[in-house]
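The values are calculated or read from the model by the stated rules, or taken from the named source; none is laboratory data. This structure is a prediction, so every number in the text was calculated from the model and none was measured. Cβ sites come from the backbone with ideal geometry, for glycine too, and all protein chains shown count toward neighbours.
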Amino acid sequence: MSVRRRWKRTRLGLAAAVVATAPLLLGSTAADPVVTGPVTGGNGHILLQATNFPLDSAGYTQSEFFVSGTAASFTPAADLGPDGRWQVSPAATAPYTTRIVVNRPVDPARFNGTVVVEWLNVSAGLDVAPDWIYAHNELIREGYAWVGVSSQAVGVSADKAGDPARYASLSHPGDSYSYDIFSQAGQAVRGSAATVLGGLRPRAVLAEGESQSAFRLTTYLNAVQPLAHVYDGFLVHSRGGGSAPLSQAPQADVPTPPVVPFRTDLDVPVLAVQTETDLVALGYLAARQDDSARVRIWEVAGTAHADDYVANLGAGDDGSGETGVRELAAMLDPPAGTPGFTCDRPINTGQAHYVVDAAQYALNRWVTAGVPPARASRLQVTTTGSFVLDAHGNVKGGVRTPAVDVPVATLSGLGQAGSSFCFLFGTTTPFDAPALSALYPTHAHFVARWAAGTTSAVTAGFLRPADGIELVRAALETRVGG
């Protein structure tokens, strides 16, 4: 029996209760867009870089819809200050038609009542769903619905170029309107649930995004969420020190401050997951803030902005546990890149995706049950802005996983050179055989220590129990020690 099947969601009573009740958040001011679909035609498949295993094997179905309306851009009502407490007003409006992709449980009884709405990433020039890739195991086994939104013009253009027949009607007026488009997509999840979710009724709607989408979500939650009141919580994954412009060409350019925290006066929770790369290479260190009543920050040791999982392993991870075995093996023999580019050094093989799974659970529990996530220490940094390292070269502090507490390699979010996006992928430096033998005299010794490290992270709330099982299985099947 697979790990996923053994760890099916056990909160059926809670799920039934939340599906039967109204959404948590009322008072949205976002316009109700027109939703059409499910979309068919063209080449017969949805254009999206995400997971590639059959979703029906996990009891899920995928569909696509067009969302149309009139979106607003925004203008500052006062200076956009460095505290993030921005006041903005709607400005020019423009018509748009974009698309959303929906992954949801086939069986309504499996739906846990929460919809995750991801701002699709367009850094590669097309729509990519990195947070679906990172967290799909948790989303599927807990029964979430997931919606990916083509919020930005680059994604819409790539869709139209990739399948002109299927996406002929799409039209995007520019990224100044992306924030309101994202609001209206969230509103569509609530107001058109019968169409978008096949009749499922959402209890909570969460906004999420990684990398460039995290930059845009930072601007969104500081400027637009206080007006729109669409989302019940935010998972912001791998932002830098600043945020995306409020408005940009072809409209007026309205930049935001180069360093800005999350505003702390929101009435919904924000959980941020940050890697080593984000702190140093992307400038988040300057925007660091303390935890507060509505903000939690998790800085994760041994992780990079992008890694082997999101680049190579995650798309095919079907929840069987095999990918966990391959991931631990990759720490001992790491790849130097991914199809399309090769880096100068082996890329990071850390365990960020397991922590994102835990963050997904923690944010949802915060929103639906009022239980805040665990507080995490910060990664240790010197006064000159470099990391404090342990005897194995791994950073001290932060959210800890077995990969850094029971190491088989030095894992870093820094130190990479090479072409394309390599600087975002960090590095892995495997320990040689004598070093491994000295650390772990026998395989049983390694497994015992790895299992203890895993248990500690699960108990602390930074790993999910189902992922803990997968990690221990990986240790048992990987020949480390002796």
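Would you call residue 286 surrounded by fewer than 20 Cβ atoms within 10 Å (Cβ to Cβ), over 17 Å from the mean Cα position of the chain (by Cα), over 24 Å from residue 382 (Cα atoms) and aliphatic (A, V, I, L, M)?
Working: surrounded by fewer than 20 Cβ atoms within 10 Å (Cβ to Cβ): yes; over 17 Å from the mean Cα position of the chain (by Cα): yes; over 24 Å from residue 382 (Cα atoms): no; aliphatic (A, V, I, L, M): yes.
No; evaluated as a whole, the condition is false for this residue.
Quick grid of which residues meet (1) out of contact with any strand residue (DSSP E or B) (no Cβ under 7 Å at 6 or more places or on another chain); (2) of a type outside the set (Gly, Ala, Ser); (3) free of Cβ contacts under 8 Å to residues at least 12 places away in the same chain:
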site	(1), (2), (3)
244	yes, no, no
247	no, no, no
261	yes, yes, no
265	yes, yes, no
278	yes, yes, no
292	yes, no, no
301	no, no, no
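Is the stretch 419-439 home to any residue that is hydrophobic (A, V, I, L, M, F, W, C) and touching a Pro at 6+ places or on another chain (Cβ under 6 Å)? Walk me through it before giving the result.
Taking the stretch 419-439 first, the residues hydrophobic (A, V, I, L, M, F, W, C) are 421-425, 431, 433, 435-436, 438-439.
From what is left, the residues that are touching a Pro at 6+ places or on another chain (Cβ under 6 Å) are none.
Checking the stretch 419-439: not a single residue is hydrophobic (A, V, I, L, M, F, W, C) and touching a Pro at 6+ places or on another chain (Cβ under 6 Å).
Pick from the stretch 374-401 the residues that are of a type in the set (Val, Ile, Thr) and assigned to a loop (DSSP other than H, G, I, E, B): which of them is nearest to residue 464 (Cα to Cα)?
Out of the qualifying residues, it is 401.
Examine the stretch 231-240 for a residue that is hydroxyl-bearing (Ser, Thr, Tyr), within 23 Å of residue 131 (Cα to Cα) and touching a helix residue (DSSP H, G or I) at 6+ places or on another chain (Cβ under 8 Å), and state whether such a residue exists.
First, pick out the residues of the stretch 231-240 that are hydroxyl-bearing (Ser, Thr, Tyr): 231, 238.
Okay, now just the ones that are also within 23 Å of residue 131 (Cα to Cα), so 231, 238.
Retained after the next criterion (residues that are touching a helix residue (DSSP H, G or I) at 6+ places or on another chain (Cβ under 8 Å)): 231, 238.
Looking for residues that are hydroxyl-bearing (Ser, Thr, Tyr), within 23 Å of residue 131 (Cα to Cα) and touching a helix residue (DSSP H, G or I) at 6+ places or on another chain (Cβ under 8 Å), one finds at least one in the stretch 231-240, hence yes.
Examine the stretch 444-451 for a residue that is of a type in the set (Phe, Trp, Tyr) and in a loop (DSSP other than H, G, I, E, B), and state whether such a residue exists.
Filtering the stretch 444-451 for residues of a type in the set (Phe, Trp, Tyr) gives 446, 450.
Restricting the remaining residues to those that are in a loop (DSSP other than H, G, I, E, B) gives none.
No; the residues of the stretch 444-451 include none that is of a type in the set (Phe, Trp, Tyr) and in a loop (DSSP other than H, G, I, E, B).
Report whether or not residue 212 is surrounded by fewer than 23 Cβ atoms within 10 Å (Cβ to Cβ) and within 23 Å of the chain's Cα centre (by Cα). Spell out the reasoning first.
Details: surrounded by fewer than 23 Cβ atoms within 10 Å (Cβ to Cβ): yes; within 23 Å of the chain's Cα centre (by Cα): yes.
So residue 212 fits the description; yes.
May I ask you to verify whether residue 309 is buried (at least 24 other Cβ atoms within 10 Å of the Cβ) and touching a His at 6+ places or on another chain (Cβ under 6 Å)?
Taking the combined requirement at face value, the residue satisfies it.
In the stretch 36-57, is there at least one residue being under 29 Å from residue 267 (Cα atoms), in a loop (DSSP other than H, G, I, E, B) and touching a Lys or Arg at 6+ places or on another chain (Cβ under 6 Å)? Spell out the reasoning first.
Of all residues in the stretch 36-57, those under 29 Å from residue 267 (Cα atoms) come to none.
Checked the stretch 36-57: no residue is under 29 Å from residue 267 (Cα atoms), in a loop (DSSP other than H, G, I, E, B) and touching a Lys or Arg at 6+ places or on another chain (Cβ under 6 Å).
Which condition number in (1) of a type outside the set (Gly, Ala, Ser); (2) within 11 Å of the chain's Cα centre (by Cα); (3) over 23 Å from residue 183 (Cβ atoms) is the one that residue 118 fails?
In the conditions (1) of a type outside the set (Gly, Ala, Ser); (2) within 11 Å of the chain's Cα centre (by Cα); (3) over 23 Å from residue 183 (Cβ atoms), residue 118 misses (3) alone.
Filter the stretch 344-367 for residues that are in contact with a strand residue (DSSP E or B) (Cβ under 9 Å, 6 or more places away or on another chain), closer than 23 Å to residue 421 by Cα and modelled with pLDDT of 95 or more and give the result.
Within the stretch 344-367, the subset in contact with a strand residue (DSSP E or B) (Cβ under 9 Å, 6 or more places away or on another chain) is 344-352, 355-356, 358-360, 362-364, 366-367.
From the residues that got through so far, the ones that are closer than 23 Å to residue 421 by Cα too are 344-352, 355-356.
Of everything in the stretch 344-367, those that are in contact with a strand residue (DSSP E or B) (Cβ under 9 Å, 6 or more places away or on another chain), closer than 23 Å to residue 421 by Cα and modelled with pLDDT of 95 or more turn out to be 345, 346, 347, 348, 349, 350, 351, 352, 355, 356.
Table: residues versus (1) in a loop (DSSP other than H, G, I, E, B); (2) touching a Lys or Arg at 6+ places or on another chain (Cβ under 8 Å).
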position: 161; (1), (2): no, no
position: 180; (1), (2): no, no
position: 187; (1), (2): no, no
position: 190; (1), (2): no, no
position: 194; (1), (2): no, no
position: 199; (1), (2): yes, no
position: 206; (1), (2): no, no
position: 209; (1), (2): no, yes
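May I ask you to list pairs of residues, at least six apart or on different chains, whose Cβ atoms are under 7 Å apart, with the first in the stretch 405-434 being at positive phi and the second being at pLDDT 95 or above and of a type in the set (Ser, Thr, Tyr)?
Listed pairs, sorted by first residue: 415/427; 426/277; 426/412.
Just a yes or no: is a residue in the stretch 103-110 surrounded by 17 or more Cβ atoms within 10 Å (Cβ to Cβ), touching a Ser or Thr at 6+ places or on another chain (Cβ under 6 Å) and not in a loop (DSSP other than H, G, I, E, B)? Step through it out loud before you land on a result.
Taking the stretch 103-110 first, the residues surrounded by 17 or more Cβ atoms within 10 Å (Cβ to Cβ) are 103-105, 110.
Adding the requirement that they be touching a Ser or Thr at 6+ places or on another chain (Cβ under 6 Å) leaves none.
Within the stretch 103-110, not a single residue is surrounded by 17 or more Cβ atoms within 10 Å (Cβ to Cβ), touching a Ser or Thr at 6+ places or on another chain (Cβ under 6 Å) and not in a loop (DSSP other than H, G, I, E, B).
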